[in-house]
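Report on one structure; see the data block that follows.
The values are calculated or read from the model by the stated rules, or taken from the named source; none is laboratory data. Predicted, not measured: the structure shown is a model, and the values here were computed from it. Cβ sites come from the backbone with ideal geometry, for glycine too, and all protein chains shown count toward neighbours.
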Amino acid sequence: MVKSRRSFVRTEKFVAGVKGRIFSIFKTPWRFEVSKKREEIAQDALAEMKARGVVREFIRTGNLSVADVIKGVDFYATVVTEKGYKVCPLQVTGKYWVQEHKERHPGNIVVAIEQNDTQEQAIYKLSEAINEMITAH
């Protein structure tokens, strides 16, 4: 189904408005930096998981993109299961916001990664969350 130009423009205006609200939340630059650091730790962990063969492939959504802002997805990871390929939408956040993000985006895997987590800790958390999703379906 092809969306009309008008629908696309409304979506773009909505995303622009949401981005403005997000930036107002990040009044202090350190909040944005902490979020960015979490995503970098997760990206490094997913790269290592790919090298180990745990994850087939992954992509990072654009910062403040529609996938990030509207769908709440920071990464898409593909894993191979007994039933075939499974695409797992991943959202990285701090431990205090996990429940809120799970309620807002119930189809996503929400992983609490702290800015001081090691790569091994992040790999463990991501692996556990992905395995939980795979076994639930």
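When you go through (1) at pLDDT 90 or above; (2) hydrophobic (A, V, I, L, M, F, W, C); (3) surrounded by 15 or more Cβ atoms within 10 Å (Cβ to Cβ) one by one for residue 73, which number turns out not to apply?
(1)
Please verify whether the stretch 37-53 includes one or more residues that are without any contact (Cβ under 8 Å) to a residue 40 or more places away in the chain, surrounded by 20 or more Cβ atoms within 10 Å (Cβ to Cβ) and in contact with a strand residue (DSSP E or B) (Cβ under 8 Å, 6 or more places away or on another chain).
no
Looking at the stretch 74-110, which of its residues are farther than 16 Å from residue 50 by Cβ, in a strand (DSSP E or B), touching a helix residue (DSSP H, G or I) at 6+ places or on another chain (Cβ under 9 Å) and not hydroxyl-bearing (Ser, Thr, Tyr)?
Once the filter is applied, which keeps residues that are farther than 16 Å from residue 50 by Cβ, in a strand (DSSP E or B), touching a helix residue (DSSP H, G or I) at 6+ places or on another chain (Cβ under 9 Å) and not hydroxyl-bearing (Ser, Thr, Tyr), the stretch 74-110 yields 89, 91, 92, 109, 110.
Of everything in the stretch 17-68, what is modelled with pLDDT under 80, of a type in the set (A, V, I, L, M) and either within 18 Å of residue 88 (Cβ to Cβ) or within 14 Å of the chain's Cα centre (by Cα) (or both)? Give them in sequence order.
Across the stretch 17-68, the qualifying residues are 64, 66, 67.
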